[in-house]
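Asker: Sharing a structure below in structure tokens format, with a few things to ask.
The values are calculated or read from the model by the stated rules, or taken from the named source; none is laboratory data. Keep in mind the model is a prediction, meaning the values are calculated, not measured. Here the Cβ is made from the backbone with ideal geometry for all residues, glycine too, and neighbour counts use every protein chain on show.
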Amino acid sequence: MLLRAAPAFSLSNHQVETQAPLFSNVSLSQTTFSRYFSSSSHQLYSPRNGTGSVVVCATKGANHKPLSGVVFEPCKEVKKELDLVPTLPQVSLARQKFTDDCEALINEQINVEYNVSYVYHSMFAYFDRDNVALKGLAKLFKELSLEEREHAEKFMKYQNKRGGKVKLQSILMPLSEFDHAEKADESYAMELALSLEKLTNEKLLDLYSVAVRNHDVQLTEFIQSEYLVEQVEAIKKISEYVAQLRRVGKGHGVWHFDQMLLHEGEEAAIA
Ligand SMILES: [Fe+2]
């Protein structure tokens with residue numbers, strides 16, 4: 001905030017108020033004065049202290065006294081910004097220090113989240129078939145699909161919040177069969193899920209690096225708090241599923257694993 005002390009201010013010679021001064025013996029500088037003033041609604045005045053420096057005092061209960069000798073010029077400081085307020089209807093009014101790089105990469109990340117969601121949805125459809133009938137895996141992949149779509153939508157909202165434009169791109173056709181020559185279909189699908197989560201994490205880290213490079217503190221904080229923590233947890237959880245499926249092998253163990261997924265969370269809901 002631009003603050004100008006009028007000449008009368010430095011020459012004023014009010015009596016120093018003695019009741020509970022909050023600060024005193026402060027040399028008057030723009031920065032110092034501005035800080036004190038903006039953090040306090042107390043009356044300020046400036047008697048000489050006899051040493052050549054200006055004494056500034058603030059007291060509780062002095063709010064009723066009129067402010068004198070200080071001139072604020074906020075409109076002068078924001079004049080440049082005021083001139084830059086867009087007038088075209090297709091241009092964002094809110095956009096500030098949000099680079100084209102960040103905007104483009106957010107759109108790419110939206111596409112990544114949608115593609116991963118699409119693959120998970122295809123996995124849900126596969127395990128829900130009557131001749132596959134692994135309902136627990138179908139449930140898991142449906143939940144993961146919805147979660148990825150929510151991730152995409154959260155980025156869309158953030159893009160709008162920063163004044164960027166959401167530009168959706170094409171989604172690739174996913175696999176529809178998850179049987180594998182050497183692996184059981186559930187193991188293959190779970191390993192594929194693990195790879196997708198790691199890919200998503202890499203893309204998020206790329207986006208984070210670009211945000212850091214552009215000194216976009218808001219975007220780095222958003223990615224870190226809303227995505228990176230959860231992403232590492234998802235990788236750990238799916239890694240455990242891969243390990244468990246390798247242990248159980250084919251057959252009866254898979255049915256138990258599937259039942260575990262199907263009823264996961266039910267106990268907590270009952271309790
Ligand atoms: Fe995601």
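Okay, residues lined up against (1) out of contact with any Cys (no Cβ under 9 Å at 6 or more places or on another chain); (2) surrounded by 13 or more Cβ atoms within 10 Å (Cβ to Cβ); (3) not aliphatic (A, V, I, L, M):
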| position | (1), (2), (3) |
| --- | --- |
| 74 | yes, no, yes |
| 88 | yes, no, no |
| 110 | yes, yes, no |
| 122 | yes, yes, yes |
| 125 | yes, yes, no |
| 129 | yes, no, yes |
| 143 | yes, yes, yes |
| 147 | yes, yes, yes |
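Asker: Which of the residues that make up the stretch 119-142 are free of Cβ contacts under 8 Å to residues at least 24 places away in the same chain and either within 14 Å of the ligand (Cβ to nearest atom) or part of a helix (DSSP H, G or I) (or both)?
Answerer: First, pick out the residues of the stretch 119-142 that are free of Cβ contacts under 8 Å to residues at least 24 places away in the same chain: 124, 128-131, 133, 138, 142.
The answer is 124, 138, 142.
Asker: Tell me, please, whether a residue that is closer than 18 Å to residue 113 by Cα, assigned to a helix (DSSP H, G or I), more than 16 Å from the ligand (Cβ to nearest atom) and of a type in the set (Gly, Ala, Ser) can be found in the stretch 246-257. Don't jump to the end; show me each part of the working.
Answerer: Of the stretch 246-257, the ones closer than 18 Å to residue 113 by Cα are none.
Checking the stretch 246-257: not a single residue is closer than 18 Å to residue 113 by Cα, assigned to a helix (DSSP H, G or I), more than 16 Å from the ligand (Cβ to nearest atom) and of a type in the set (Gly, Ala, Ser).
Asker: Also, I was wondering about something else. Against the condition under 22 Å from residue 201 (Cα atoms), away from the ligand (no atom under 15 Å from the Cβ) and without any contact (Cβ under 8 Å) to a residue 60 or more places away in the chain, how does residue 145 come out, does it pass?
Answerer: On the way: under 22 Å from residue 201 (Cα atoms): yes; away from the ligand (no atom under 15 Å from the Cβ): no; without any contact (Cβ under 8 Å) to a residue 60 or more places away in the chain: yes.
No.
Asker: Looking for whichever is in the same structural domain as residue 214 (by TED's automatic domain parsing), part of a helix (DSSP H, G or I) and under 20 Å from the mean Cα position of the chain (by Cα) here; the options are 116, 112. Which one fits?
Answerer: 112
Asker: Then there's this: May I ask you to list the residues in the stretch 242-271 that are closer than 21 Å to residue 185 by Cα and either small (Gly, Ala, Ser) or at pLDDT below 85 (or both)?
Answerer: The answer is 243, 249, 250, 251, 253.
Asker: Looking at residue 103, is it within 16 Å of the ligand (Cβ to nearest atom), part of a helix (DSSP H, G or I) and at pLDDT 90 or above?
Answerer: Details: within 16 Å of the ligand (Cβ to nearest atom): no; part of a helix (DSSP H, G or I): yes; at pLDDT 90 or above: yes.
When the stated conditions are applied, residue 103 does not pass them.
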